[in-house]
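Each remark here refers to the structure printed beneath this line.
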Amino acid sequence: MEPDSKLQGSILYVEDDETTRGAIGSFLARRVERLFLAENGRSGLQAFKEQNPDLVLTDITMPNLDGLQMAREIKKDRPHTPVIITTAYSDTQYLMDAIEIGIDGYVLKPVDFTRLFEVLRRNLNVVELRRQELRHQEQQRRLLAELQEASHKIKVLSGLLPICAQCKKIRDDHGYWTQLEEYMLEHANVSFSHGLCPNCLKAIYPEFEEPAGGSGKKP
């Protein structure tokens, strides 16, 4: 009995037998968002590189490049891509090779569609969870970068600052005396505009008279 739900993601199905490829391919076309087909390991590997599928389903015995050889190349390139094999063999050597390669599941022939769907669903769920984790990690990296950038922009002055009573220079953390303006520019998020207060203006330019209607307030 075929499942009614549809799988989210993309699958590459590789099978050299035309009848089998047609039957299982037809089932997959109704049960997955995107399906890619290949007729042997060589064309399957090429399709994998071009289409970048979420999962690979493949037969073992195929011309040009068998399923396990293709799987080995896929795992070298993208070790986290699930590879599921379909096989009519129970030979121990095939199983040992599959374990060594890192095959993620298998379905025996003749294929039970319910079993096939469950294996594919489970592995595609793992793909989605990994994709979510990568997105979360990327969001964390961006947030950390934004916080680091913000921390560089935020400068705080606090505590007791030694300041000269005569020239108004400030002694910094290294014991050097620097102009108040320079110290503020380095340690606080401020900028300066230059002018003269009323007292300095009168002392430097005694001929200057405040316009009529001035505030009349003393500094």
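From most to least packed by mean Cβ count within 10 Å, the peptides 113-123, 138-148, 57-67 give 57-67, 113-123, 138-148. Each residue, residue 29 and residue 49, gets one label point 7 Å from its Cα in the Cβ direction; the gap between the two is 2.7 nm. Where only DSSP H runs of four or more residues are counted, the chain gives -15000 deg cm²/dmol as its mean residue ellipticity at 222 nm, each run worth -39500 (n - 2.57). Can you tell me the FRET efficiency between residue 187 and residue 131 if r is taken as the Cβ-Cβ distance and R0 is 35 Å, rounded to the nearest 0.05? So, using R0 = 35 Å, E works out to roughly 0.20. For a straight C-alpha distance cut-off of 12 angstrom, the aspartates and glutamates reachable from residue 49 (same-chain residues fewer than eight places away being disregarded) are 73, 77. What Kirkwood Rh does the stretch 7-134 have if only Cα atoms enter the pairwise 1/r average? Answer in Å. Final number for the Kirkwood radius of the stretch 7-134 is 14.4 Å.
Once the mean of 1/r is taken over each pair of separate Cα atoms and inverted, the stretch 1-67 shows a Kirkwood hydrodynamic radius of 12.0 Å. Relative to its residue count, the stretch 103-147 spans a Cα convex hull of 48 Å³ per residue.
Using the alpha carbons alone, the radius of gyration of the chain stands to its Kirkwood radius in an Rg to Rh ratio of 1.53.
Here, each number is a calculation from the coordinates, and none is a lab measurement. For clarity, every value in this text was computed on a predicted model and none was experimentally measured. Counting neighbours? That spans all protein chains shown, and the Cβs are built from the backbone with ideal geometry, glycine included.
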